[in-house]
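Engineer: Once you've had a glance at the structure underneath, I'll fire off some questions.
The values are calculated or read from the model by the stated rules, or taken from the named source; none is laboratory data. Keep in mind that this is a model prediction, so the values were computed, not measured. Note that we place each Cβ from the backbone using ideal geometry, even for glycine, and neighbour counts take in every protein chain shown. Just the protein is used for accessible areas: all its heavy atoms, side chains included, with ligands, DNA and RNA removed. Shrake-Rupley method; radii C 1.70, N 1.55, O 1.52, S 1.80 Å.
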Amino acid sequence: MADADHDKITKTIELKVPIARVWRALTDHKEFGRWFQVELDQKFEPGEKSTGRMTYPGHEGAPWVVYVERMEPERLFSFRWFDSADGSPAQGDDQPALLVEFLLEKVPSGTRLTITESGFSALPQPRRIEVMRRNEEGWNSQAENLAQYCSA
Amino acid sequence: MKRAGIVRPKTLPNIVQHKDQRPAPVMAAVFAALGDDTRLVIISKLQDGADHSISKLTEGLSLTRQGVSRHLRVLEEARLVRRHRVGRETRYHLEVEALERARHYLAHVSAQWDDAIERLTKHLEG
């Protein structure tokens with residue numbers, strides 16, 4: 001299920017595994033890195049910066065920078081990041097404006113995970129869309145990478 | 001395209017000028033402008049592509065002309081709406097480009113998350 005509000009993205013999925021398992025996949029930095037495809041330098045800690053490098057095919061080495069907000073075991077994991085081509089603040093960016101939240105709920109089938117990304121209206125000068133509109137080619141190659149990866 | 005599965009190209013090409021040489025609308029302003037139910041209603045009224053007067057836009061809204069006028073100004077600043085005069089009257093129409101850019105942006109972000117979710121699901125459920 002997906003919902004794109006006018007300034008917020010919400011995704012809800014039901015995972016057929018226990019909530020503790022999902023929590024670990026999200027908050028254990030090594031495990032997170034395995035599925036998200038980033039190599040992280042340190043554990044996730046509320047209030048602390050998380051750094052690393054992408055391992056996503058075709059973009060290996062690109063920097064990862066997020067600021068962990070909340071870690072409420074088996075309930076909520078959230079972080080903030082910048083909206084920019086390399087994840088780092090650009091001129092005029094004081095605060096990482098975008099908030100990503102992972103909300104977990106126990107359901108009979110396992111775990112309901114709701115992912116929300118919000119804060120687009122607070123961006124000083126959103127770059128993703130500029131990058132996106134001027135890099136349709138880049139997206140096509142990305143889609144190819146993904147297709148190859150998924151079929152591997 | 002970065003962010004571990006949510007990836008953006010590292011190099012940015014030169015800025016593309018809007019076709020009539022105005023700077024492109026600031027997207028954050030667009031999202032902020034869209035973050036209001038009344039403005040969303042006004043936009044939906046304008047989505048027929050026609051020009052509308054303030055009176056027309058005020059119909060059905062529990063707001064005064066001035067209230068609607070204020071909202072229209074926010075929409076104009078975000079380049080979502082433009083005005084022009086027809087005789088003595090001011091008419092408003094939707095600027096599709098800004099809206100499409102906002103939607104395109106969100107569709108892009110949405111697709112990135114879909115990809116990440118697929119990887120998480122595969123990782124957990126096999």
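Engineer: Tell me, which residue of region A:54-74 that is at pLDDT 95 or above, farther than 10 Å from A:F44 by Cα and in contact with a helix residue (DSSP H, G or I) (Cβ under 8 Å, 6 or more places away or on another chain) is nearest to the other protein chains (Cβ to nearest Cβ)?
Structural biologist: Checked region A:54-74; the qualifying residue nearest to the other protein chains (Cβ to nearest Cβ) is A:E74.
Engineer: List every residue pair whose Cβ atoms lie under 6 Å apart, where the two residues are 6 or more positions apart in sequence or sit on different chains, the first residue falls within region A:49-66 and is without any contact (Cβ under 8 Å) to a residue 24 or more places away in the chain, and the second residue, located anywhere, is in a strand (DSSP E or B) and among the acidic types (D, E).
Structural biologist: A:G52/A:E39; A:R53/A:E39; A:T55/A:E39
Engineer: Is it the case, given these coordinates, that B:V109 is more than 19 Å from B:R65 (Cα to Cα) and at the interface with chain A (Cβ under 7 Å from one of its Cβ atoms)?
Structural biologist: Working: more than 19 Å from B:R65 (Cα to Cα): yes; at the interface with chain A (Cβ under 7 Å from one of its Cβ atoms): yes.
It is true that B:V109 is more than 19 Å from B:R65 (Cα to Cα) and at the interface with chain A (Cβ under 7 Å from one of its Cβ atoms).
Engineer: Residues that are within 30 Å of B:R103 (Cα to Cα), touching a residue at least 40 places away in the same chain (Cβ under 8 Å) and open to solvent by 10 Å² or more (accessible area, probe 1.4 Å): does region A:13-23 have at least one? Steps first, please.
Structural biologist: At the first step, the residues of region A:13-23 found to be within 30 Å of B:R103 (Cα to Cα) are A:13-15.
Next, from what is left, pick out any that are touching a residue at least 40 places away in the same chain (Cβ under 8 Å): A:13-15.
Subsequent filtering for residues that are open to solvent by 10 Å² or more (accessible area, probe 1.4 Å) retains A:13-14.
Yes, because at least one residue in region A:13-23 is within 30 Å of B:R103 (Cα to Cα), touching a residue at least 40 places away in the same chain (Cβ under 8 Å) and open to solvent by 10 Å² or more (accessible area, probe 1.4 Å).
Engineer: Just to be sure, is B:V81 loosely packed, with under 14 Cβ neighbours inside 10 Å, more than 14 Å from chain A (Cβ to nearest Cβ) and among the β-branched types (V, I, T)?
Structural biologist: Working: loosely packed, with under 14 Cβ neighbours inside 10 Å: no; more than 14 Å from chain A (Cβ to nearest Cβ): yes; among the β-branched types (V, I, T): yes.
So B:V81 fails the test.
Engineer: Right, another one. Given region B:43-126, what helices (runs of 4 or more DSSP H) lie entirely inside it while holding 3 or more residues that are within 29 Å of A:K11 (Cα to Cα), over 13 Å from the mean Cα position of the chain (by Cα) and at pLDDT 90 or above?
Structural biologist: Working: elements: B:54-58, B:65-77, B:96-125.
The helices (runs of 4 or more DSSP H) meeting that bar are B:96-125.
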